[in-house]
1. What does the convex hull of the Cα atoms come to per residue for the stretch 48-154, in Å³?
2. Would you mind finding the longest exposed-site-free stretch of the chain, with exposed GluC sites (Glu not before Pro) meaning DSSP loop and at most 13 other Cβ atoms within 10 Å?
3. Identify which of LEU82, LEU120, LEU33 has the largest mean-square fluctuation in a Gaussian network model of the chain, with springs joining Cα atoms closer than 10 Å.
4. Loop only per DSSP, at most 10 neighbouring Cβ atoms within 10 Å: give me the trypsin sites (Lys or Arg not before Pro) in the stretch 77-128, ordered by residue number.
5. As a check on your grasp of the helix formula, calculate [θ] at 222 nm for the chain: sum -39500 (n - 2.57) over DSSP H runs of n ≥ 4, divide by the residue count, round to the nearest 500.
6. Could you work out how far helix 114-124 tilts from the main Cα principal axis of the chain, as a 0 to 90 degree angle to the nearest 10?
7. Taking the chain as a Gaussian network, Cα atoms linked when under 10 Å apart, which of PRO52, PRO79, PRO127 shows the biggest mean-square fluctuation?
8. For the chain, what's the relative contact order in percent, using C-alpha pairs closer than 8 Å and at least 6 residues apart?
Amino acid sequence: MSEALPVGEKIADYFGTNNARSLVTRPLRRAELSITHLWRTYEDDDRPVMLPADDAFLVVLYLTDVEHRDIWPDRPPAPLKLYPKGSICLISLRQGAAIAIRGSFEALVFHIPRQHLAELADEAGEPRVDDLAICRGIEDRTVRDIGAALMPLFDMADDVRDRLLVHVALAFNAHIAQRYGRSRHRH
């Protein structure tokens, strides 16, 4: 990703929406966690969402039932699939990603730089997470509950929001690293 726009604005642009709201925090040292609230209705002829290569992961928490299909450069698109409200997709952006969305879409999109996972492991004195398990449309009650806790923060005063956001972000990333983290090292 180029450095011209903040990550949340880039994500909104990739999803073709101009009504997004973003929260950004730097929970530890240098890596920023960005959480973007997106909503839009997609028509059948709308362009696919194209996410460029990035050294990061996205966790998409669906706030409504959403239909979409994965698109790959080297094979036919996946069949259209319903992702139920409250489910998540966790994807690696190492090689980019693309999806075609149909109908209503509302989600919280968490952009997690790999660098943040390294900072989290160093801070906790744990082995570094080398990768995250990719998943599509699974139920994760912790992510769903953290998402619900984050929604009011979009409307809070900056100073209050920023004090709370750093702690919620650390809990979110610790959960993601613990549940989906893959390491070459054993604990």
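1. Taking only Cα atoms, the stretch 48-154 has a hull volume of 120 Å³ per residue.
2. The answer is 44-187.
3. LEU82
4. Working: sites: LYS81, LYS85, ARG94, ARG102, ARG114, ARG128; in loops: LYS85, ARG94, ARG128.
Counting only loop positions with at most 10 other Cβ atoms within 10 Å, none of the trypsin sites (Lys or Arg not before Pro) in the stretch 77-128 qualifies.
5. -9000 deg cm²/dmol
6. Tilt of helix 114-124: around 30 degrees.
7. PRO79
8. Numbers: 368 pairs, mean separation 44.5, N = 187.
24 percent.
Since every read-out is calculated from the coordinates, none of them should be taken as a lab result. Because the structure is predicted, anything quoted here is derived from the model rather than measured. Backbone-built Cβ (ideal geometry, glycine too); neighbour counts: all protein chains shown.
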